[in-house]
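Only the coordinates and a few stated rules stand behind these numbers; no lab work does. Everything numeric in this text was worked out from a predicted model, so none of it was measured. Counting neighbours? That spans all protein chains shown, and the Cβs are built from the backbone with ideal geometry, glycine included.
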Amino acid sequence: MTRRVEFQLIEKEITRIDSLVSRGETELSWKSDGVLEYMVELGELVEGLWRRIKSAQMNVGKIKAALDAWTRTPLIARKDRRKDALLSFDERPEKVSRRYGEVERAAEQIHSLLEENKLLFQVGDGMEEPWQRYVAYVDGIVMESLRRAVGCSLGEWMLDVFCYDYC
């Protein structure tokens, strides 16, 4: 299943495939000259498009996986991960530096996967607007992951404030 932002990038190919299918329905029979070539052409178009879409969708999955790693772990955690311990700020500079490196690596991977998807969708002239909508879709995934990462860290901090004030 394709998303709307993906469909907009492959719409011309879908139209070409639909046109070929329509031709097969109206003009060809099993005994027609060139039916084998027609079937090979149609099969190659459909299979090629399916493989490219599947690869692009797998790349989006890789983007989500790269982001997911730091959405589940707070930037500053409790000492020894114990619920009754306070936040540990001793290793903060090291943890911030490590997280920054993770974010930089994720950004590089996202850019690389987006470039690969641009090739897979065969983005060419006249496709700037659909491509920008696709990039905005991926940006939304990144923004949601950043929101979850901040929420994870704030959740640890808020629990610490609550326990300090009320426990």
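For the range 1-50, which trypsin sites (Lys or Arg not before Pro) are in a loop by DSSP, counting at most 10 other Cβ atoms within 10 Å? The qualifying sites are Lys31.
A simple rule links phi to the HN-Hα coupling: the Karplus curve 6.51 cos²θ - 1.76 cosθ + 1.60 with θ = phi - 60°, which for the range 129-134 gives 5, x, 5, 5, 5, 5 Hz, with x for Gly and Pro. For a paramagnetic label modelled at 7 Å from the Cα of Ile14 toward its Cβ, which residues of the range 33-73 fall within the zone defined by backbone nitrogen distances under 17 Å? Only 45-57 pass the distance filter. Taking 29 Å as the limit for the C-alpha separation, the pairs Lys31/Lys118; Lys12/Lys62; Lys54/Lys95; Lys62/Lys95 exceed it in the case of Lys31/Lys118; Lys54/Lys95.
Each of Val46 and Arg105 was given a label point 7 Å from its Cα along the Cα-to-Cβ line. The distance between the two points is 4.2 nm.
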